[in-house]
Amino acid sequence: MKLLLITIIALLSTLATKAQYSSAQRQMNAAVQMTRQQNLMYMQIQQQQLILQHNKNNTQTAEIKLSKEQRKTKKLEQKIIQLSEEKANLEITKNNLKTSDDNKLAKNITKTEEKITKAKTKLESSETKIKTYEAEIEKLRVDREALTKKQEEEKELKKEEKELKIKQKEAKKESKKN
């Protein structure tokens, strides 16, 4: 009888220690899992902030390029106006003189016309670049707004999860007290 009692006690003590160990192991696994989730969320936040910073830098670069192209466009427009006036002056002097300088003036007029066409093609390419930069800036702004909105939603979700975890812990404490 004593032998049976001793074996039962030994078996129960091993079961009790196993139960305590598995409970501690579960708690440890839960803590590790929670830490892993927190680290993952922290990495996601850092990645989003990096993307936002990259987006901001791209937007600034595009805005700088846009302003340069706008200045270039203004200069080209002024050049076209100046060349047009020069051409008009040359044509007036050609009409007034009608002398041997006629060929020389005609050459000057054609050179001026060529300069005007070159300036106009540069102006057109500059205007297309401006449109491209404006579209790029708008796209980057939309992306930035979407990312900030996503970050705000994730922050709200984190707050809700924290509140839920706190409530669960309080409920567990109350249930243990009762």
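The values are calculated or read from the model by the stated rules, or taken from the named source; none is laboratory data. As the structure is a computational prediction, the values presented were derived from the model and not from experiment. Methodologically, a virtual Cβ is constructed for each residue, glycine included, from the backbone with ideal geometry; neighbour enumeration extends over all protein chains shown. For the accessible areas, the whole protein counts, side chains as well, though only heavy atoms, and no ligand, DNA or RNA atoms are used. Shrake-Rupley method; radii C 1.70, N 1.55, O 1.52, S 1.80 Å.
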If only one of E154, E160 is open to solvent by 100 Å² or more (accessible area, probe 1.4 Å) and of a type in the set (D, E, K, R), which one is it?
E160
Sort through K149, K115, K131, K87 and tell me the only one that's basic (K, R), at pLDDT 85 or above and surrounded by 14 or more Cβ atoms within 10 Å (Cβ to Cβ).
K115
Just name the residue that is most open to solvent (accessible area, probe 1.4 Å) out of those in the stretch 90-112 that are among the hydroxyl-bearing types (S, T, Y) and modelled with pLDDT under 85.
S100
Flag if E174 is of a type in the set (D, E) and modelled with pLDDT under 85
yes
Looking at the stretch 137-145, can you tell me whether even one residue there is open to solvent by 70 Å² or more (accessible area, probe 1.4 Å) and in contact with a helix residue (DSSP H, G or I) (Cβ under 7 Å, 6 or more places away or on another chain)?
yes
